[in-house]
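So the structure is just underneath, and the comments pick up after that.
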Amino acid sequence: MESKVKKIGVLTSGGDAPGMNAAIRAVVRAARSKGIEVVGVHRGYAGLIKGDIVDMDVRDVSNILQSGGTSLLSARSKEFCTEEGMQMAIDNCHKFGIEGLVVIGGDGSYRGAGDLSSRGIHCIGLPGTIDNDISSTDYTIGFDTCVNCVVDMVDRIRDTMRSHERCSVVEVMGRNAGYIALHAGIATGAAFVMVPEVDSSVEDVIAKIEEGRALGKYNFIVIVAEGVGHAEELSKKIQDATGVVTRATILGHVQRGGSPTARDRVLASRFGAYAVDLLAAGKSNRVVGVRNDKLVDYDIQEALAMKKEFPMELYNMSDIISI
Ligand code: F6P
């Protein structure tokens, strides 16, 4: 069937995430297979406003599958939220012949894609963020790589905590969500995981450490999501209350870099090719996600209104087996 669009653009927006390159590659190559021309937009919506746009062919995306970050560069654009900025972006779409746009990013990027769609540019959003905080998908591009990175770092911290019989409080990213903390906590056997979605206090953490000590445990990992507390402050309180020497580590941006895992590469490739299918079929104002390993797509406004349930059964299980 002939494609409904002849030329599309692809951009990455917001915080970068490992696997974005795999999605870009899939978009370019899937589009080419349908005879659709592709341009890459640099620096997200900021590049769309400036006209920082380049042709992309199949060889332009060689050797990026395995690299972290985004080869198209990313940015958070305040200007795009203004009427003038939006108009300049639309003018550039017309100037460059961009009929459809694949936007890889988080919720904020989806909003921009919704606005562009309502003004006639066919937009498809793909979930790209390490935080996994997008309600319209079970998993986002970059989450798996991030969790694996945290697990690797915490395993190293555990080695030295064990040698010195200490406690370590590790602060991880996630903005206002606790998915990274929860998954990394389970995978590293953290004694306590503090997340924004579950009410817990420093007293709860101290009680868990005391309970563990009574059962012969002598080294502890506490994982705290950045949206709920600060590692330094928590460490001091734990050490003062328990007498266990406690150190704080803030993992920071190391969590957002690195070569994407196979899982992220596969997910991102599937998302990218699916986005092109939707554009070729004339669809617009949709976001792509994965539910029970099946690709799905939703209206952008419907997706933005969805609530993601925090997996309490996982959280409770983690608490039970981490004694
Ligand atoms: O959304 C991804 C994320 O890495 C969050 O986990 C974190 O809170 C934020 O971005 C950090 O943003 P920046 O790189 O702008 O400091």
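The values are calculated or read from the model by the stated rules, or taken from the named source; none is laboratory data. Keep in mind that this is a model prediction, so the values were computed, not measured. Here the Cβ positions follow ideal geometry from the backbone for every residue, glycine too, while neighbour counts run over all protein chains shown. Please note that ligands, DNA and RNA were not included when accessible areas were found on the heavy atoms of the full protein model with its side chains. Shrake-Rupley method; radii C 1.70, N 1.55, O 1.52, S 1.80 Å.
For this structure, a couple of remarks:
- Fraction of alpha-carbon pairs over 19 Å apart in segment 128-277 - percent: 52 percent
- Solvent-accessible area per residue for segment 210-323 (1.4 angstrom probe, square angstrom): 52 Å²
- Once backbone amide H atoms are built at 1.01 Å from N, GLU37 has LYS7, ILE8 as its partners under 5 Å, excluding neighbours fewer than 5 places away on the same chain.
- Segment 2-49: trypsin sites (Lys or Arg not before Pro) in DSSP loop, at most 11 other beta carbons within 10 Å: none
- Size of the chain: Rg and Dmax of its alpha carbons, in Å, are 21.7, 70.
- To the nearest 10, the accessible area of VAL245 is 60 Å² with a 1.4 Å probe.
- Under Karplus coefficients 6.51, -1.76 and 1.60, residue-wise ³J(HN,Hα) of segment 64-77 in Hz, glycine/proline x: 10, 3, 8, 9, x, x, 9, 5, 8, 6, 9, 7, 10, 9
- Exceedance of the 27 Å cut-off in Cα-Cα distance is limited, within the set LYS34/LYS95; LYS283/LYS308; LYS4/LYS95; LYS208/LYS236; LYS50/LYS294, to LYS50/LYS294.
- Karplus-derived 3J(HN,Hα), 6.51/-1.76/1.60, for each residue of segment 286-300, Hz, glycine and proline x: 10, 10, 9, x, 10, 10, 6, 6, 9, 6, 9, 9, 9, 4, 4
- Residues in segment 213-254 reached by a label modelled at ARG162 [backbone nitrogen below 13 Å; 7 Å Cα→Cβ]: 218-221
- Between 0 and 90°, nearest 10: helix 262-280 axis offset from the chain longest Cα axis: 30 degrees
- GNM result for the chain, Cα springs below 10 Å: residue of ASP57, ASP264, ASP240 fluctuating most strongly: ASP240
- Close amide H partners of SER168, meaning residues 5 or more places away or on another chain with modelled amide H under 5 Å apart, are PHE220, ILE221, VAL222, ARG247.
- Protein accessible area in the chain, 1.4 Å probe - carbon and sulfur %: 49 percent
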